[in-house]
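Coordinate-derived values only; no laboratory data. If you're wondering where the values come from, they're calculated on a predicted model, not measured in any experiment. Here Cβ is always computed from backbone atoms with ideal geometry, including for glycine, and neighbour counts include all displayed protein chains.
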Amino acid sequence: MSEPIDADVLDFAHRMFDLARAGDAGELAASVDAGLPVNLTNDKGDTLLILAAYHDHPPVVEALLARGADAGRVNDRGQTALAAAVFRRSEASVRALLAAGADPAAGAQSALDTARFFNLPEMLTLLEHAR
């Protein structure tokens with residue numbers, strides 16, 4: 001059995017996820033540069049990148065991708081950062097994720113499925129031109 005995570009470490013991790021949600025690209029990038037795993041994942045399988053995309057923070061998305069974030073990671077619900085960016089109609093994040101190699105068809109709830117389900121023709125056009 002593994003040892004419990006130290007409370008200070010857990011608090012720090014929660015703060016990093018909050019930075020991704022809030023759009024604090026500077027502090028989050030500095031933390032990654034100082035050794036924070038760029039693909040840090042929470043208990044739902046959400047990475048910092050997925051949270052930044054879902055909360056519509058293109059500068060954070062770009063900063064994390066520049067530091068090697070995995071654009072193709074899928075969370076526990078089968079969602080990707082690209083699907084989250086499409087849902088939020090964030091053209092800047094969608095373009096950055098596509099440029100980083102994100103697959104529009106990846107995940108149980110893919111970006112393509114999201115664009116079709118929510119009737120987002122402008123997002124569907126972006127995704128289809130990437131294929």
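Checking every one of the chymotrypsin sites (Phe, Trp or Tyr not before Pro) in the range 35-124 against DSSP loop status and a limit of 16 other Cβ atoms within 10 Å picks out F118. Placing +1 on each Lys and Arg Cβ and -1 on each Asp and Glu Cβ, with no other charges, gives the range 6-46 a dipole about its Cα centre of roughly 160 debye.
Comparing A7, G78, L65 along the charge dipole axis of the chain, the residue lying farthest to the positive side is G78, per the Cβ-charge model. Between E3 and F118, the simple spin-label model (points 7 angstrom out along Cα→Cβ) gives 4.2 nm.
The relative contact order of the chain, computed from alpha carbon pairs under 8 Å that lie at least 6 residues apart in sequence, is 19 percent. Charged side chains reduced to their Cβ positions (Lys and Arg at +1, Asp and Glu at -1) give the range 7-130 a dipole of some 260 debye around its Cα centre.
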